[in-house]
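Report on one structure; see the data block that follows.
The values are calculated or read from the model by the stated rules, or taken from the named source; none is laboratory data. Nothing here was measured: the structure is a model prediction, and the numbers come from that model. Here the Cβ is made from the backbone with ideal geometry for all residues, glycine too, and neighbour counts use every protein chain on show. Ligands, DNA and RNA are excluded from the accessible area calculation, which covers all protein heavy atoms including side chains. Shrake-Rupley method; radii C 1.70, N 1.55, O 1.52, S 1.80 Å.
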Amino acid sequence: MIDYLILGLAAFFAGFVDAVVGGGGLIQLPALFSVFSATPPASLLGTSKFAGIWGTSVAAVNYVKTVRLRWAIMVPAAMIAFVCAFAGAVTVTYVPSTYLRRALPFILVAIAAYTFWRKDLGAQTVLRYSGRKELWLALIVGAAIGFYDGFFGPGTGSFFIFVFVRVFGYDFLQASASAKVLNVACNAAALLWFGFSGHVMWVLGLGMAVCGVLGAVIGSRMAIKHGSEFVRSLFLIVVSLLVIKTSYDAFVR
């Protein structure tokens, strides 16, 4: 019972963090690996995706009610993200991610440093592109980060948010809301692959999903209430933790 309580709490906090800036896997996956150390990693990854997609979906719905999204851009980007995330999940079964694992900490450090240095970054929406140019750029972003999510995964939500803020000119709140739509598509693609290959513990995942949804509801409401500055602050914290985690995975473990 203590193990399941730990997993429930981990899922709750993962849902909260993921709803705001992504990176819920930082909390949820280590908890699963700790409790089920003898279980194949693919089953734990699949279970985490199943538990996480519900919270991400609920957060997306909460954002949609309040934040005005650019659906003409997000829907095509989500569709291509789904296809490329599935392709990435299949690819990783044949191609090792060693070099990407070692490069990731340096990429995250650059993102954190740039966000910290630019105090006004994402404070308000100042669109840099429109029309077909914005659409094609969104398709490229959806394809690239979608493939990355299926192939490797850590920090996907944070990457989406940073790109929407830095490249597209969205504020942090709108970027977080947009990222949720694409995150749902990526998670659905990965879950399709894991479910098809029999790597999901459905009952456990459903229990964790309930806790994750509760965390996602609270997290998304706090983000909407407190706005872009709250999202930016949590973004910097999560990216910093991602730097530590990915550095450990790449160079120590």
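Observations on the model:
- Some residue of segment 118-140 being β-branched (Val, Ile, Thr), farther than 23 Å from residue 191 by Cα and open to solvent by less than 20 Å² (accessible area, probe 1.4 Å): no
- Scanning segment 108-117 for residues that are over 30 Å from residue 95 (Cα atoms) and open to solvent by less than 20 Å² (accessible area, probe 1.4 Å) yields one hit, 115.
- For segment 223-253, the set of residues classified as open to solvent by less than 30 Å² (accessible area, probe 1.4 Å) and either free of Cβ contacts under 8 Å to residues at least 40 places away in the same chain or not in a helix (DSSP H, G or I) (or both) consists of 227 only.
- Scanning segment 33-89 for residues that are without any contact (Cβ under 8 Å) to a residue 12 or more places away in the chain and in contact with a Cys (Cβ under 7 Å, 6 or more places away or on another chain) yields no hits at all.
- Any pair with Cβ under 6 angstrom, 6 or more apart, that starts in segment 1-27 at a residue that is in contact (Cβ under 8 Å) with a residue 24 or more places away in the chain and ends at one that is aromatic (Phe, Trp, Tyr) and assigned to a helix (DSSP H, G or I): 21/235
- Test for residue 107: is it within 25 Å of residue 134 (Cβ to Cβ) and free of Cβ contacts under 8 Å to residues at least 12 places away in the same chain: yes
- Single condition residue 69 does not satisfy, out of (1) open to solvent by less than 80 Å² (accessible area, probe 1.4 Å); (2) more than 17 Å from residue 182 (Cβ to Cβ); (3) part of a loop (DSSP other than H, G, I, E, B): (2)
- Among the criteria (1) crowded, with 24+ Cβ neighbours inside 10 Å; (2) under 21 Å from residue 147 (Cβ atoms); (3) under 13 Å from the mean Cα position of the chain (by Cα), the one residue 77 does not fulfil is (3).
- For segment 143-191, the candidate set comprises residues that are farther than 21 Å from residue 229 by Cβ and of a type in the set (S, T, N, Q); within that set, the residue that is surrounded by the fewest Cβ atoms within 10 Å (Cβ to Cβ) is 156.
One line per residue, one yes/no per condition, for (1) part of a loop (DSSP other than H, G, I, E, B); (2) of a type outside the set (A, V, I, L, M, F, W, C):
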{"site": "116", "(1), (2)": "no, no"}
{"site": "125", "(1), (2)": "yes, yes"}
{"site": "157", "(1), (2)": "no, yes"}
{"site": "189", "(1), (2)": "no, no"}
{"site": "192", "(1), (2)": "no, no"}
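- A single member of 55, 15, 23 is in contact with a Gly (Cβ under 7 Å, 6 or more places away or on another chain), in a loop (DSSP other than H, G, I, E, B) and within 20 Å of residue 188 (Cβ to Cβ), and it is 23.
- Among (1) open to solvent by 20 Å² or more (accessible area, probe 1.4 Å); (2) closer than 24 Å to residue 61 by Cβ; (3) touching a Gly at 6+ places or on another chain (Cβ under 8 Å), the one test that residue 49 misses: (3)
- When each of 205, 219 is tested for being assigned to a helix (DSSP H, G or I) and farther than 24 Å from residue 152 by Cα, the lone residue that passes is 219.
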